[in-house]
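A quick write-up on the structure given underneath.
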Amino acid sequence: MGEAERGEAAPRFRLSYWCANGHETKPSFSEETEAQTPETWDCPRCGFPAGQDRENPPSPPRTEPYKTHLAYVKERRTEADGAAILEEALSKLRGR
Ligand SMILES: [Zn+2]
């Protein structure tokens, strides 16, 4: 009896981290690494960095305007590519 608890020999504790989207993450650390707990933790749900201060979570990753524009361009290009591919496929179908 009592043998089942032997696996929990290393004391562990949990820290709460909050990301900018309000997700709470509670990674657990062993007490041995307490001094090395990271200031931020990547939110497993949205990938944003999460911090230990709930009221003041770290800023989301840089959202540079050009990125949005690039995404927009990519979207358009994909659309254009898709149209070209479709057209090519259609012309092949018509040709054969
Ligand atoms: Zn999150």
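The values are calculated or read from the model by the stated rules, or taken from the named source; none is laboratory data. No experiment lies behind these values; they were computed from the predicted model shown. We place every Cβ from the backbone using ideal geometry, glycine too, and count neighbours over all the protein chains shown. Calculation scope for accessible area: heavy atoms of the full protein, side chains included, ligands and nucleic acids excluded. Shrake-Rupley method; radii C 1.70, N 1.55, O 1.52, S 1.80 Å.
Quick one: what pairs do we get from region 33-54, first residue on the phi < 0 side of the Ramachandran plot, second outside any loop (DSSP other than H, G, I, E, B) and more than 13 Å from the ligand (Cβ to nearest atom), C-beta under 6 Å, 6+ apart or different chains?
Sorted first by the residue in region 33-54, then by its partner, the pairs are T37/F29.
Take the conditions at pLDDT below 95 and exposed (fewer than 11 other Cβ atoms within 10 Å of the Cβ) and apply them to P65. Does it pass? Steps first, answer last, please.
Working: at pLDDT below 95: yes; exposed (fewer than 11 other Cβ atoms within 10 Å of the Cβ): yes.
Yes.
I'd like to know if region 43-51 contains one or more residues that are of a type outside the set (K, R), modelled with pLDDT of 95 or more and closer than 20 Å to R12 by Cβ.
Yes, region 43-51 has at least one match.
For region 6-14, does any single residue satisfy the condition of being within 16 Å of the ligand (Cβ to nearest atom) and either at pLDDT 95 or above or open to solvent by 90 Å² or more (accessible area, probe 1.4 Å) (or both)?
Initial filter on region 6-14 (within 16 Å of the ligand (Cβ to nearest atom)): none.
No, region 6-14 contains no residue that is within 16 Å of the ligand (Cβ to nearest atom) and either at pLDDT 95 or above or open to solvent by 90 Å² or more (accessible area, probe 1.4 Å) (or both).
Does region 69-81 contain any residue that is more than 30 Å from P11 (Cβ to Cβ), at pLDDT 90 or above and either outside any helix (DSSP H, G or I) or over 14 Å from the mean Cα position of the chain (by Cα) (or both)?
No, region 69-81 has no match at all.
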